[in-house]
Amino acid sequence: NANAPYHVVLSPMNYGKVLMQGLDFGITQIISEKLIISSNFSWYGTTEFFNELTKKNDPINAPKFKWNASLKWTASWGDIIVNFRHVDQFKWSDGIWLGTIGPYNIFDLFYTYQITENLGFNLSALNINNNRHRELIGGAIMGRQIVMRFTSTF
């Protein structure tokens, strides 16, 4: 019935004056020109806002904690990068899309080799542990991905 909608979708919304807090900390250690280690830690202290229209708390669509670490090694036979990423569980709400995301842990592996001055090869293995998850409600389930590409520069 067009005169009596069953659900009303409120998006986007201005929450007015809000207080947000968090911390993002990263560190990179260059061990040598061929070996670099880096990591990042994020804490988001504001996880929800009060919605005056619905009289409920709305999530901010981000985890309270997440962190990652990576290692890059350069050798004569190519560059290798290993990444690890952790995302804590968090609530998601965007229009009609509601739910919980995570937690999930992802391992990625990248290999790059410069074949000639103008031709490069790259192999990316994303989510090699095949942790099947959604990174947003309404989006696709993410699993393992293998991508191979050649690049040409001139």
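No lab work stands behind these numbers, since they all come straight from the coordinates. Keep in mind that this is a model prediction, so the values were computed, not measured. Glycine also receives a Cβ, built like all others from the backbone with ideal geometry; neighbour counts cover every protein chain displayed.
With labels modelled as points extended 7 Å from the Cα through the Cβ direction, what inter-label distance (nm, one decimal) is found for Lys17 paired with Phe65? Output for this residue pair reads 3.3 nm. Using the Cβ of Gly120 as centre and a radius below 12 Å, the other residues enclosed give a net charge of -1, where K and R count +1 and D and E count -1.
Note on Asn83 and Tyr111: the extension gain reaches 8.9 nm, defined as 0.36 nm multiplied by sequence separation minus the Cα-Cα distance. Along the axis of the charge dipole computed for the chain (Cβ charges of +1 for Lys and Arg, -1 for Asp and Glu, origin at the Cα centre), the listed residues Trp77, Thr116, Trp97 are led at the positive end by Trp97.
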